[in-house]
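Undergrad: Take this structure first; my questions come after.
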Amino acid sequence: MNTMIELKEVSFHYPGGNNILENINLKIVRGDYIVLTGPNGSAKTTLLKLILGSLKPQAGEVILFGQEAHAFRDWFKIGYVSQKTNFFNPSFPASVQEIIWLNKAKNALVASKSDPQKEIEEVLDLVGLPEKRFKKIGQLSGGELQRVLIARALINCPEVLLLDEPTANLDKSAQENLSNLLVKLNSDLGLSVFMVTHDEKIKGSAKKILELTEGKLSCKKSTS
Amino acid sequence: MGIWIELFSFQFMQRALLAGTIVGILCPTVGVFLVLKRLSMVGDTIAHVSLAGVLGGLLLRLDPILAALITAVVTAFGIEKVRRVFCDYAELALAIFTSVGLGLAVILFNVVKSSDTSVQSLLFGSIVSVTGRDIWVIWILGLTVLTVVLKFYREFFYLTFDEDGASLAGINTKLFNYLLLLMTASIVAVGMPIIGALLISSLFVLPVAASLVVSHDFKSTLIIANMVSIFSVYTGIILSYFYDVAPGGAIIVVMVGIMILMYLVKSFVFNNLKKARAGEGEGDEREDCSGYS
């Protein structure tokens, strides 16, 4: 097994509060398709933030590709799609291709002989939006915007994709399309997926379902 | 033809156009980031506090540009600090510093007024009295700012679009926020004696507002804003020569005129397209409402 992300005995609390995560142990290996569920306020997003290095645990270790999170520099290996699709102004004057290329990591730019046009076309093909390349982001529907954000995360060819409630605020058909896309990325490209969601369709296709309740992590389903 | 040759043969006119060119490029270039970060009024705030700084400088017999620069930079850092303290009420920082700047300026204006008549020109600017030294200072600073923006274009763009995402992508958002305000402060400091403390912030905002009406992506927003700004600066300076009006005011009026014209033309074209599509039974495309809300 090839471990990409590992949390060892991780505990976390916000300043002045009690532990909201206690002795969390978690492994994400190559090819995983994990769904994390739990009631509102159960620190699911906090757990993602700990993996992404934007929060530091008070106890335990976060290991990313064999390195401790604070020393990890190859962030392009981890793609992230945030919970907030409305984090930016929909009238922001930016095209789909500009938003996707914006996320291209500098070290990935230097390492590869980047061909922006080709790479953008490839990721938009992957998410099924090749014709939207020159569209202004404000002209996209919620489902299209979510796909563009996934394309943005894929531009660095990450090895693992973290998503925070990607189907929230989407209609049923857009939810299903997104769920199918994630399954395809996992099965065809071997991209590991770790996702916070309550979506039943996505839960149904997950290889593993974890539940976070009162700071404790438990496994609800595992096909491996 | 002769009148144009005569116009451009005056040294003060050549200097005005040289200074206007770089200020006309700098303001919208940095202004795009400020407006889209919802910091449109930051130039205004820095200008008000810098006005107090220049007046204080006159009392202490300091160089006006140097006094403005010091005050503007201190203000910029202060704004960012207060913005972080009141992170849920970010605009409060601008209100606090504008009040402080105006309060101090009013007090100092009364003290300096009797001894220095040039104070008046600080409020409304005097692009036709630009000195050769001013030109050097503005161009050196201008080229430095433009180099920084070009080198870190991606970082500033990401910071403006999605600050959290930029941070996760490894961009030092705190540093680039300070850098953006530092550049704004420097432009305000050198541009204020020319355009005026009350008008300089318009150059950051109006060309961008005009550009947002028609632009389709970030790059075109930047380019159109610069084109509007440069055209307005040249036209404003020329109009001020022919009609003997304040150049700063003429520039602003031209900018507003272009913005209204662009809005009307776009509305006209958009309505005609909508009618044509309705006639063809199309129209499933979502409307682009940017610039209309």
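Undergrad: Just a yes or no: is a residue in the stretch A:154-161 under 24 Å from A:Asn40 (Cβ atoms) and either touching a strand residue (DSSP E or B) at 6+ places or on another chain (Cβ under 9 Å) or away from chain B (no Cβ under 11 Å) (or both)?
TA: yes
Undergrad: Can you tell me which of (1) closer than 16 Å to B:Phe33 by Cβ; (2) touching a helix residue (DSSP H, G or I) at 6+ places or on another chain (Cβ under 7 Å); (3) within 11 Å of chain A (Cβ to nearest Cβ) is the one B:Leu181 doesn't meet?
TA: Every listed condition holds for B:Leu181 apart from (3).
Undergrad: State whether one or more residues within the stretch B:96-119 are surrounded by 12 or more Cβ atoms within 10 Å (Cβ to Cβ), of a type in the set (S, T, N, Q) and modelled with pLDDT under 85.
TA: yes
Undergrad: Tally up the residues in the stretch A:191-220 that are among the hydrophobic types (A, V, I, L, M, F, W, C), part of a helix (DSSP H, G or I) and exposed (fewer than 13 other Cβ atoms within 10 Å of the Cβ), please.
TA: Selection size over the stretch A:191-220: 0.
Undergrad: Only one of A:Pro116, A:Pro166 is more than 30 Å from A:His13 (Cβ to Cβ) and either within 14 Å of chain B (Cβ to nearest Cβ) or in contact (Cβ under 8 Å) with a residue 12 or more places away in the chain (or both); which?
TA: Step by step, each of A:Pro116, A:Pro166 is checked, and only A:Pro116 is more than 30 Å from A:His13 (Cβ to Cβ) and either within 14 Å of chain B (Cβ to nearest Cβ) or in contact (Cβ under 8 Å) with a residue 12 or more places away in the chain (or both).
Undergrad: A further question on this structure: Has the stretch B:173-184 got any residue that is farther than 30 Å from A:Lys77 by Cβ, surrounded by fewer than 24 Cβ atoms within 10 Å (Cβ to Cβ) and out of contact with any Cys (no Cβ under 7 Å at 6 or more places or on another chain)?
TA: Yes, that holds for at least one residue.
Undergrad: Using the structure shown, decide if B:Phe156 is surrounded by fewer than 23 Cβ atoms within 10 Å (Cβ to Cβ), within 14 Å of another protein chain (Cβ to nearest Cβ) and modelled with pLDDT of 90 or more.
TA: No: the conditions fail for B:Phe156.
Undergrad: If the Cβ limit is 6 Å and pairs must be 6+ apart or interchain, which residue in the stretch B:25-36 that is free of Cβ contacts under 8 Å to residues at least 60 places away in the same chain and within 13 Å of chain A (Cβ to nearest Cβ) pairs with which residue that is of a type in the set (A, V, I, L, M) and buried (at least 24 other Cβ atoms within 10 Å of the Cβ)?
TA: none
Undergrad: Is it true that some residue in the stretch B:127-137 is closer than 27 Å to B:Lys81 by Cβ and either not in a helix (DSSP H, G or I) or not aromatic (Phe, Trp, Tyr) (or both)?
TA: For the stretch B:127-137, residues closer than 27 Å to B:Lys81 by Cβ and either not in a helix (DSSP H, G or I) or not aromatic (Phe, Trp, Tyr) (or both): absent.
Undergrad: Given the criterion free of Cβ contacts under 8 Å to residues at least 60 places away in the same chain, in contact with a Ser or Thr (Cβ under 7 Å, 6 or more places away or on another chain) and not in a loop (DSSP other than H, G, I, E, B), identify the matching residue among B:Leu102, B:Leu94.
TA: Matching residue, one of B:Leu102, B:Leu94: B:Leu94.
Undergrad: Here's a follow-up. Can you tell me which residue is modelled with the lowest pLDDT among those in the stretch A:79-95 that are buried (at least 18 other Cβ atoms within 10 Å of the Cβ) and facing chain B (nearest Cβ under 9 Å)?
TA: Result: A:Phe88.
Undergrad: Looking at the stretch A:202-213, I want the residues that are closer than 9 Å to A:Tyr33 by Cα and have a partner that is acidic (Asp, Glu) with Cβ atoms under 8 Å, at least 6 apart or on another chain. Which pairs are those?
TA: Cβ pairs passing all conditions: A:Lys207/A:Asp32; A:Lys208/A:Asp32.
Undergrad: Would it be correct to say that A:Gln175 is closer than 16 Å to A:Gly128 by Cα, surrounded by 21 or more Cβ atoms within 10 Å (Cβ to Cβ) and in contact with a strand residue (DSSP E or B) (Cβ under 8 Å, 6 or more places away or on another chain)?
TA: no
The values are calculated or read from the model by the stated rules, or taken from the named source; none is laboratory data. Note that the structure is predicted; figures quoted are calculated from it, not measured. Ideal geometry is used to build each Cβ from the backbone, glycine not excepted, and the neighbour counts take in all protein chains shown.
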